[in-house]
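Only one structure is covered here, and it is reproduced in the block below.
The values are calculated or read from the model by the stated rules, or taken from the named source; none is laboratory data. Note that the structure is predicted; figures quoted are calculated from it, not measured. Cβ placement follows ideal geometry from the backbone for every residue including glycine, while neighbour counts extend to all protein chains displayed. We work out accessible area using only protein heavy atoms, side chains counted, and drop any ligands, DNA or RNA first. Shrake-Rupley method; radii C 1.70, N 1.55, O 1.52, S 1.80 Å.
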Amino acid sequence: MGVTMLLLSSPLMGCQTAETKMPNSFSEVSMEQTTQDSLDPNHFLADTDWYLVEFQSMDDAIGTIRPDDPRLYIMRLKGDGTVSMKLNCNRGVGDWSAEANNETSGGSFQFGPLATTRALCPEPSLDEKIAADTAFIRSYILEDDKLYLSLMADAGIYVWQRYDSSIGVLFQAEPDPAIEAAILDAFPDYRQEIIGEDGQQARYVYSRVDLNGDGKEEVLVYPMGSIFCGTGGCDLLLLTPEDCAYSLINSFPISRLPIIVTDEVAAGWQNLIRPESGGGATPSYVLHVFDGQQYIEQERLPGDVQPEGISYLLGEPTFDEGAILKLN
């Protein structure tokens with residue numbers, strides 16, 4: 001299984017006194033770790049991310065079922081023994097455990113009870129089937145970056161592929177003081193009085209992307225908390241590196257995730273598309289183009305088909321998964 005360590009570089013790396021190597025927050029483990037600890041699932045399954053390739057039924061009448069869009073089904077096996085799943089328009093959270101066999105890259109695997117949201121997803125959807133079947137998964141095989149999860153009584157196999165950037169870019173949640181400073185500058189009303197006596201601080205997630213081809217990565221930031229969010233989602237910030245800090249390019253209104261970056265370019269910057277829904281409004285996508293200073297809204301697109309492009313901030317982050325937004 002050829003897996004290499006991915007090192008994420010910050011555009012502000014040159015401002016640090018010493019070079020810092022940051023591991024991928026999503027899935028990768030080094031080949032040396034995998035070989036040395038190949039019988040310990042805490043090393044090669046913990047903190048990994050997967051997208052659904054297909055369900056293989058042992059019933060010929062059902063056959064093999066494949067999702068139309070693999071971005072709709074993402075599974076994150078966390079190192080603390082919890083699992084989070086994006087299931088089309090729904091989300092599931094629960095527990096997982098695994099124990100490796102002595103001779104193969106497989107063993108026993110079980111999910112605990114999976115709590116899911118109950119939105120009615122557009123058909124065809126596998127959300128209800130996956131949620132129901134997790135209770136009956138009993139074993140796994142890990143082979144060629146594919147994770148085969150088998151149901152008891154030979155009822156079928158779910159095939160998950162190790163997540164890669166061709167599907168999109170998952171959110172990051174490692175604390176970044178420069179990003180936090182930029183959020184606080186953009187939202188000066190976020191103060192101790194807002195946090196309250198319970199000390200419930202806001203959180204944030206982000207994705208990095210070079211939008212103008214200058215070799216420096218902009219940052220799409222999604223703060224989470226009552227001051228940033230409403231029924232239609234949360235505010236979205238676009239930051240660009242400037243000296244040893246970030247400056248604000250855009251503060252977009254209430255947004256859903258993921259954010260789509262297209263191949264089309266305006267004034268040297270790639271176009272952005274945001275999903276909008278909630279509050280009784282018809283779901284839609286909003287296309288933004290760069291005017292030389294900032295992104296402006298150009299048009300609204302139908303919300304029933306996701307536009308082409310690379311998705312960022314993918315993975316349906318929950319509040320608890322975000323990095324804590326600390327006050328200075």
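Among the residues of this structure, Tyr204 counts as one that is assigned to a strand (DSSP E or B), touching a residue at least 24 places away in the same chain (Cβ under 8 Å) and under 21 Å from the mean Cα position of the chain (by Cα). Take the residues in region 153-177 that are charged (D, E, K, R) and at negative phi, then tell me which one is modelled with the lowest pLDDT. In this case the residue turns out to be Asp164. Of all residues in region 159-186, those that are out of contact with any Asp or Glu (no Cβ under 7 Å at 6 or more places or on another chain) and outside any helix (DSSP H, G or I) total 12.
Those strands (runs of 3 or more DSSP E) of region 246-315 in which 3 or more residues are closer than 19 Å to Leu170 by Cα and in contact (Cβ under 8 Å) with a residue 60 or more places away in the chain occupy 310-314. Does region 226-235 hold any residues that are open to solvent by 20 Å² or more (accessible area, probe 1.4 Å) and not acidic (Asp, Glu), and which are they? Selection gives Ser226, Ile227, Cys229, Gly230, Thr231.
Assessment of region 149-163 against the conditions (under 30 Å from Cys229 (Cβ atoms), surrounded by fewer than 20 Cβ atoms within 10 Å (Cβ to Cβ) and of a type in the set (Lys, Arg)) yields no matching residue.
Working only within region 79-95, note down all residues that are surrounded by fewer than 21 Cβ atoms within 10 Å (Cβ to Cβ) and hydrophobic (A, V, I, L, M, F, W, C). Val83, Cys89, Val93 - these are the residues of region 79-95 that are surrounded by fewer than 21 Cβ atoms within 10 Å (Cβ to Cβ) and hydrophobic (A, V, I, L, M, F, W, C). Of all the residues in region 99-133, those that are open to solvent by 60 Å² or more (accessible area, probe 1.4 Å), closer than 23 Å to Lys146 by Cβ and either out of contact with any Leu (no Cβ under 7 Å at 6 or more places or on another chain) or hydrophobic (A, V, I, L, M, F, W, C) (or both) number 7.
Here is the figure for region 50-64: residues that are open to solvent by less than 50 Å² (accessible area, probe 1.4 Å) and aliphatic (A, V, I, L, M) total 2. Would you confirm whether or not region 114-124 contains a residue that is under 19 Å from the mean Cα position of the chain (by Cα) and in contact (Cβ under 8 Å) with a residue 40 or more places away in the chain? No, every residue in region 114-124 fails to be under 19 Å from the mean Cα position of the chain (by Cα) and in contact (Cβ under 8 Å) with a residue 40 or more places away in the chain.
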